[in-house]
Amino acid sequence: MRTEGSLRSIHYPIIQSDNDSVWQKHCGFFDLTTEQFMAVQENLLAQQLKRIGNSPLSRKLIGDHTPQSVREFRHNVPLSTYQYYAPEFESGDENILLEKPYTWAHTSGGSNTFKRVPYTRDFYQHALDTLMSAFILACSNQRGHSNLIEGDKVLFNVAPHPYLSGILANGACHSFTNLKAVMPADEHDSMDFKDKIAKGFELSLKTGVDIIIAMTSVLVKLGNDFGNLSQKESNSKRTKHPAALYRFARAYLHSRMEKRGILPKDLWPVKAIIGWGTDTGIYREQVRQAWGIYPYELHGCTEAGIIGLQNWSKKDLTLLPTSNFYEFIPEEEWLACRDNIFAQPATVLLPDLIPGNRYELVITSFHGMPFIRYRLGHLINVTSKDDDNAHVRLPQFTFESRADDLLDIAGFTRISEKTIIQALANINLNYEDWSIRKEINGKEVNLHLYIEMNGNHSHQDVAATLHNTLTALDPGYRDLEQMMDIRPLKITPLQPGTFADYYTRKKMMGSELMQRKPPRMNAPDDTIRELLFLSSAREVIMA
């Protein structure tokens, strides 16, 4: 991306038609049938096995004989988890790999640990190509057309290198020469995440912004806090820049005409917002109200890269055939095997997916990456066999949760993070953040929510309303009360500033970015104790 120099007076569309080579390269996979998708998968899997077959790490799983078919591969090679790769990856042992990594990435592994992952140059380049696909599609509303143009200004509100989002943001700033970064690449990794967001806000007041890429939860938070933030910024010396003054004046007039406060969309009429996270689908409308457009969603992770994209209709996700080889563990198979670490649950392939069912994703890497039949721990919900309106003939899915984050209550229900987010959204509760976990006190099993609410709320009313909403959302939760006379929900309200203090405390201790926020699901005892200490909260409300 260009970060300096004047833009040309004429900016050309990056996509000209659905026959355009750029469209075909980045979005042509939407034309595939399921059979063609699987043909691509099988071909790339054969190439991958041939490429990595002689590496010491691969031999530990595959053995001396390289499988000659998908059937043989799935029958003879066991499933793996990160624990299998951890000794070499955590020590940085590159001798066990086929080739020297282009870079190392990491992400939070829970319990103050990290998953370190070596990236090959081919994987890195493919991930950047896929990010460009997301840019094109985010600016599209029909097949073969996109209003992404040369010189569009992009603001990255993402984590720093070596997180995946930071690696891709840095790479995009250097590689996407037809776009312009609001914040130069060398500033992305040298700032605290919250400071980076504030700096991006300041710079974009002067430059404007066409595309924003950020976690959806960050966009929602900015939208909720925007009144205070814009008021402070409008009084700042930094906004005396003529372009910033013009933006604030225009935003003020527009908001006055609609008889409301200033919103982000008043300052920046962006053409696309790219978001990700469990809550993206839930907060689509809230993002649109604050930012003026619906977010475009992608799905990815450190081990697999970007694996799912929405098409131009911006509904559910479609898997990319060139990122990894995919297998799927049916939920009932996963549940039957979850307490046996030696179990090898059966998998199915893409043509066997059943709409309405949930599956855990299993990947085998392409592009020289090391993972073989690797359990990602991502639980997806297959929504349909295709997207008939967009004429996409591939299965559609949504990301449900981490498989190991499900909260099982008495065997009746398995509550996911997405269900909790949806319930909180349905009752229109404004909150700072929350953490929920299963707690057992003698014979009593509770679903205990620790939440910092914004504004004045009756805690008893919130507990009762949230219980009723969960009853309506989740049939298993409803059956707990109707069949077992169990109301498992408990709420502990946390004092204002608790989560901000937790973030600051962890930052001062030198914790990495992703360790400065408590887990939302199944937080350990020491984390809950720390939240209660910071809050001095002792009040527990029963639903």
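The values are calculated or read from the model by the stated rules, or taken from the named source; none is laboratory data. Just so you know, these numbers come straight off a predicted model, no measurement behind them. Cβ coordinates were reconstructed from backbone atoms using ideal geometry, including for glycine residues, and neighbour counts include every protein chain displayed. These accessible areas exclude ligands, DNA and RNA; they are computed on the full protein's heavy atoms, side chains included. Shrake-Rupley method; radii C 1.70, N 1.55, O 1.52, S 1.80 Å.
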Could you tell me the ratio Rg/Rh of the stretch 346-422? Both radii from Cα atoms, Rh via Kirkwood. 1.02
Placing +1 at every Lys and Arg Cβ and -1 at every Asp and Glu Cβ, with all other atoms neutral, what dipole size does the stretch 354-393 have around its Cα centre, in debye to the nearest 20? 200
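About the Cα centre of the stretch 402-484, what is the dipole size in debye to 20, counting +1 per Lys and Arg Cβ and -1 per Asp and Glu Cβ, all else neutral? All intermediate terms of the calculation are to be shown ahead of the outcome.
Working: 7 positive and 13 negative charges, 37 e Å.
The dipole magnitude comes to about 180 debye.
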Of 363-374, 290-301, ordering from highest average Cβ density within 10 Å down gives 363-374, 290-301
Please label the shape of the stretch 249-360 as rounded, prolate or oblate, based on the square roots a ≥ b ≥ c of the eigenvalues of the alpha-carbon gyration tensor (a/c under 1.5 means rounded; beyond that, a/b larger than b/c means prolate, else oblate). prolate
When ranked by the protection proxy of mean other Cβ atoms within 10 Å per residue, highest first, what sequence do the peptides 470-480, 437-447 form? 470-480, 437-447
What nm value, rounded to one decimal, do you get for the distance between Asn426 and Glu187 when each label is placed 7 Å out toward the C-beta? 4.3
Gyration tensor on Cα atoms of the stretch 393-498, a ≥ b ≥ c root eigenvalues, a/c under 1.5 rounded, else prolate if a/b beats b/c, else oblate, says oblate
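Provide the percentage of antiparallel DSSP beta bridges, counting only those with both residues in the stretch 354-405; round to the nearest 5. Write down the numbers at each step before the final one.
Values: 12 of 12 bridges.
Beta bridges within the stretch 354-405, antiparallel portion: roughly 100 percent.
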Positive-pole candidate from Ile167, Val362, Leu319, dipole of the chain, charges at beta carbon: Ile167
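Hey, if we sort Trp334, Trp276 by accessible area with the 1.4 Å probe, largest down, what's the order?
From most exposed to least exposed: Trp276, Trp334.
With +1 assigned to the C-beta of every Lys and Arg and -1 to the C-beta of every Asp and Glu, and no other charges, what is the dipole magnitude of the chain about the Cα centre in debye, to the nearest 20?
1640
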Pop out the carbon and sulfur fraction of the accessible area of the stretch 403-543 as a percent, whole number, probe 1.4 Å. 47
Quote the relative contact order of the chain in percent (integer), defining contacts as alpha-carbon pairs under 8 Å separated by 6+ residues. 13
Tell me which residues come under 5 Å, amide H to amide H, from Tyr374 once H is placed; ignore anything under 5 positions away on its chain. Ser80, Ile363, Thr364
Take Lys438, project a point 7 Å from its Cα along the Cβ direction, then tell me which residues of the stretch 508-530 have their backbone nitrogen under 17 Å from it. 520-525
Over the Cα atoms of the chain, what radius of gyration and what Dmax do you get, in Å? 23.9, 72
Shape of the stretch 139-294, Cα gyration tensor, a/c cut at 1.5: rounded
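Of the beta bridges DSSP finds with both residues in the chain, what % are antiparallel, to the nearest 5?
Values: 52 of 71 bridges.
The answer is about 75 percent antiparallel.
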Working out 0.36 nm times the residue gap between Arg260 and His65, then minus their Cα-Cα distance, what length gain in nm do you get to one decimal? 63.4 nm
Cα-projected label distance for Glu90 with Ala336, points at 7 Å along beta-carbon direction, nm: 3.3
Over the chain, with the other protein chains present, what is the accessible area per residue in square angstrom, probe 1.4 angstrom? 44
Return the FRET efficiency for the residue pair Val445, Asn19: r is the Cβ-Cβ distance, R0 is 45 Å, and the value is rounded to the nearest 0.05. 0.15
